[in-house]
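Working notes for the structure below.
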Amino acid sequence: MRQLQLRSRSLKRLLSIGRRSRAEEAASEESTSPPLHENKTLVVDPALINDSNPPQKPTWRCFSYEEIRTATNGFHQDNLVGRGGYAEVYRGVMQNGEVIAVKRLTQAATDEQKEKDFLTELGTIGHVRHPNVSCLLGCCVDRELYLIFEFSSRGSVSSNLHDENSAPMAWKLRFEIAVGTARGLQYLHKGCQRRIIHRDIKTSNVLLTSNFVPQISDFGLARWLPKEWTHRAVAPIEGTFGCLAPEYFTHGIVDEKTDVFAFGVFLLELISGRKPVDGSHKSLLSWAKPYLSDGIVEALVDPRLGGGGGYDVEQLKRLTFVAALCIRASATWRPSMTEVFELLEDGEISQERWKMPEEEEDEFWGFDDLDDDHEFDTPSSSSSLIST
């Protein structure tokens, strides 16, 4: 118990820069950086601190335990909106009426690992500000470790897309989600002070605001990519089966093209209404490949949309063209997210420009040649639970 209390005090000192109450804000103008030297038991990713351009002052704050306990009615089960392998998420209402999502870390190999995971996710998402990325409101380190986000009342893209009890998602909304998510990913790769590789782009990790604006969420697997690095090697392999780029799945290599590949699967799921891996263990990629190769893109459209009248043909051609580029097995020949966004907005659809040399043409990556019992670590999908 004493060791836990000591770790809690160290975390509070480390996170003191995030406190945003009026009194503390006034005092913080005279304060220096947080006393990292006092937290000898914490191991922080060097990429979080070794940077010539320090991050801007964060806009999130530290919540008290009493605040989030009251907001969630004592973490009442009626407010539990989702549970994953490593976290559970509660809906809460602050005294000012603001609706929040409280993500509580629940499991890790050790307390030290839990703290490291907490700091990594906090350090990654804490300085991000973009309309297409989930907004972090703050954290709490009293008793346990919590991250507090804006609550997404419309749920995830996945819950809306695959809800059999609701009308099928309209084509216009699908296209807007594709463009908005591409804009958010482009920001993470190019617009942030430090490049962020998400590593788990999928429909359940993109949430919808009350106005159906898509926001990328769940940064539990995200990693910094320092500007002088072309890639980084990561172990163990974590992510969602059916969405993993081949170079990551086989060698643990992570860079921007890892997210590009997953975004291609994301597009195919939006178009078809099919999940990345269906109940018979057939991957979406393997199902879509023949239609993409033969140019029969209309066959990819979700049948619930009711034929040609339910979608825009030109937008379909644009989405399928981009998806085919993103899911190329060779990362070298995939577009960047900047190029993806331009193509989705109004870029020229040129087969000639994106044609690969014959000697570079690669086998399609579809997962179906893998054993059904192949195992790898999966994420908590904790942020997606915010919207369940």
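The values are calculated or read from the model by the stated rules, or taken from the named source; none is laboratory data. On a predicted model such as this, the values are computed, not experimentally measured, just so you know. Using ideal geometry, Cβ is built from the backbone for each residue, glycine included, and neighbour counts are taken over all protein chains shown.
Inspect all residues belonging to the stretch 221-229 and state whether any of them is part of a loop (DSSP other than H, G, I, E, B), under 16 Å from the mean Cα position of the chain (by Cα), at positive phi and not β-branched (Val, Ile, Thr).
Residues of the stretch 221-229 part of a loop (DSSP other than H, G, I, E, B): 221-222, 226-229.
Restricting the remaining residues to those that are under 16 Å from the mean Cα position of the chain (by Cα) gives 221-222.
Then keep just the ones that are at positive phi; that gives none.
There is no residue in the stretch 221-229 that is part of a loop (DSSP other than H, G, I, E, B), under 16 Å from the mean Cα position of the chain (by Cα), at positive phi and not β-branched (Val, Ile, Thr).
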From the list 302, 312, 294, which residue is assigned by TED's automatic domain parsing to the domain that holds residue 173, surrounded by 15 or more Cβ atoms within 10 Å (Cβ to Cβ) and at negative phi? 302
Checking the structure you have, find out if any residue of the stretch 278-290 is assigned to a helix (DSSP H, G or I), surrounded by fewer than 21 Cβ atoms within 10 Å (Cβ to Cβ) and either outside the structural domain of residue 198 (by TED's automatic domain parsing) or over 28 Å from the mean Cα position of the chain (by Cα) (or both). yes
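Residue by residue, here is whether (1) closer than 14 Å to residue 124 by Cβ; (2) of a type outside the set (Ser, Thr, Tyr); (3) modelled with pLDDT of 90 or more holds:
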site	(1), (2), (3)
179	no, yes, yes
183	no, yes, yes
187	yes, no, yes
198	yes, yes, yes
208	no, yes, yes
223	yes, yes, no
229	no, yes, no
238	no, yes, no
241	no, yes, no
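The rows are residues; the columns are (1) among the polar types (S, T, N, Q); (2) modelled with pLDDT under 95.
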| site | (1), (2) |
| --- | --- |
| 49 | no, yes |
| 54 | no, yes |
| 59 | yes, yes |
| 67 | no, no |
| 94 | no, no |
| 108 | no, yes |
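Which residue is nearest to the chain's Cα centre (by Cα), if the candidates are limited to the stretch 131-168 and must be assigned to a loop (DSSP other than H, G, I, E, B), more than 30 Å from residue 67 (Cα to Cα) and touching a residue at least 12 places away in the same chain (Cβ under 8 Å)? Steps first, answer last, please.
Step one: filter the stretch 131-168 for residues assigned to a loop (DSSP other than H, G, I, E, B), giving 131-132, 134-135, 141-145, 151-155, 162-168.
Among the residues that remain, those that are also more than 30 Å from residue 67 (Cα to Cα) are: 162-168.
Then keep just the ones that are touching a residue at least 12 places away in the same chain (Cβ under 8 Å); that gives 162, 168.
On the way: 162: 19, 168: 24 Å.
Checked the stretch 131-168; the qualifying residue nearest to the chain's Cα centre (by Cα) is 162.
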Selection count, the stretch 248-292, where residues are more than 23 Å from residue 160 (Cβ to Cβ) and of a type in the set (Asp, Glu): 2
In the set 249, 261, the lone residue that is under 20 Å from the mean Cα position of the chain (by Cα), closer than 19 Å to residue 158 by Cα and among the hydrophobic types (A, V, I, L, M, F, W, C) is 261
